[in-house]
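Structure, as structure tokens:
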Amino acid sequence: MANVGMVGLDWQQRINWDRLRKFRTERARERMKAHGLSAMLCMYDENVRYITGTLTPGWNRLKPGLRYCLLCGDDAPVLFEQGDIGAQVHRHSPWIPKDHVRWSYAWIKGAAGPASTQQVKKFVNGIKQEMKKANIAGGKLGVDFIDINMIQIFKDEKIDWTDGMTAMMEARAVKNEDEQEALRIVGAIGDAAHWEFMKYLKPGRTENQMTAHIMEYLYSIAGMEDVEDVIVSSGPNTWPNWRNFSDRIIQPGDIVFMDLAALTWNGYKSCYYRTYCAGKEPTREQKDIYATALKWLYDSMKAVKVGTTTREIASKWPSAKEAWGYAEEDQAAANLWGHGLGLAQYDQPVISRIWSLDHPVEIKEGMVFALETQHGKQFEWGVRIEEMLIVHKDRVELISNFPVEQFTVVDPMPGYSTLGWSR
């Protein structure tokens, strides 16, 4: 569609949210059945969102068991919501049948202490009741999360459980037209955020001031649910890339990069690096390092097409030993990297020389992912850049459009050079 409008209109087809929700639920069901599962229990927020189309507050995320959902056979999903938040689900999310919203039985990853066993027993009993209602009692249950409390009581209650995360990863890997449009909007918001960063950046500001400004900017946008991280690193913090921010003062000539990891618009997430130089032109050496990282990035992007594999993409990158003299690939984890984008920041495919050369994954039409590369001089400066893309049948579509061909130089002072000095 590529309309990149954020509100619904009567005169233009944009995201069809009802079609999106139905696609996600039925794709999860299809992969569930393909794996021989009678039901799927999902406790991770991205999977609950994918199946039910419901939103939870930030404090409820990343705490499996505070809420969860069950997809049984051909029935509508059952949502076990935290406390009485389910009353709001009835109001906000009428596509979930009213009698399919329950309250959850939580033990908060064991923080309930001795009560955990009691709570897990209630949790398991609720699952068994729903599977019986759906006429699949005793069937194989796929789960996306397991802990020591669940393992024992599943055994006691003779629950036949197995991996359900693989089925959900396969489901989420391919996006329909509406999800793709949502991610185009994520890309457009990212473009705007980088433009705002460029305008605000100047020597004297600190990394955390830059982060706060972009956070404020992003949360002013309609549909923004969460900004998981805005990474702003400068000078020696850029290499090795510690992927964080501090109160470090940005100085004239500093290399600075910013990553939107991840702004979350209507559930869909970004990952989007750009590299800047504040107050001065970068040196020849810095430009050469940047050009190397850019070549690594675009060589890997040129390898992306339907039917190829993550092996072909990862093989375009140098080894960790070639690039930085490291002993093994894990020492450079995520330095040269690719990962799917969707309701999670790590959908399939995840691309790395650590595993992709020996365990390739096929690239499919409808996949949306980011590719990112970096390079630098230890404790001096580094660069990192990233592109987000959608894989179509006969082409690859870029959805990150802030310029990347060279450093973005902010307010350079004319007539100054480094005179050969290094810092």
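Table for the structure above
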quantity	calculated
Residue count for the stretch 379-412, restricted to those that are under 16 Å from residue 292 (Cα atoms) and not in a strand (DSSP E or B)	4
Residue satisfying all of: in the stretch 100-123; under 18 Å from residue 48 (Cβ atoms) and at pLDDT 95 or above; least open to solvent (accessible area, probe 1.4 Å) among these	123
Identity of the residue in the stretch 68-92, free of Cβ contacts under 8 Å to residues at least 24 places away in the same chain and of a type in the set (D, E, K, R), that ends up nearest to residue 51 (Cα to Cα)	91
Filtered residues of the stretch 124-144 (kept if among the charged types (D, E, K, R), open to solvent by less than 40 Å² (accessible area, probe 1.4 Å) and not in a loop (DSSP other than H, G, I, E, B))	130
Scope the stretch 125-144; condition within 23 Å of residue 106 (Cβ to Cβ) and either without any contact (Cβ under 8 Å) to a residue 60 or more places away in the chain or hydroxyl-bearing (Ser, Thr, Tyr) (or both); matching residues	125, 126, 128, 129, 132
Inter-residue pairs, beta-carbon under 8 Å, first under 17 Å from residue 85 (Cα atoms) and in the stretch 104-115, second polar (S, T, N, Q) and open to solvent by 40 Å² or more (accessible area, probe 1.4 Å), 6+ apart	104/82; 106/82
Close pairs (8 angstrom Cβ cut-off, 6 or more residues apart or separate chains): closer than 15 Å to residue 264 by Cβ in the stretch 323-345, assigned to a loop (DSSP other than H, G, I, E, B) and among the charged types (D, E, K, R) anywhere	342/175; 345/228
Subset of the stretch 164-190 that is open to solvent by 30 Å² or more (accessible area, probe 1.4 Å) and closer than 16 Å to residue 398 by Cα - its residue that is farthest from the chain's Cα centre (by Cα)	177
Set 333, 320, 344: member being open to solvent by 30 Å² or more (accessible area, probe 1.4 Å), at pLDDT 95 or above, out of contact with any Gly (no Cβ under 9 Å at 6 or more places or on another chain) and of a type outside the set (D, E, K, R)	333
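The values are calculated or read from the model by the stated rules, or taken from the named source; none is laboratory data. Note that this is a predicted model, so its numbers are computed, not measured. All Cβ positions, glycine included, derive from the backbone under ideal geometry; neighbour counts span all protein chains shown. Just so you know, the surface numbers come from the protein's heavy atoms only, side chains and all, with ligands and any DNA or RNA stripped out. Shrake-Rupley method; radii C 1.70, N 1.55, O 1.52, S 1.80 Å.
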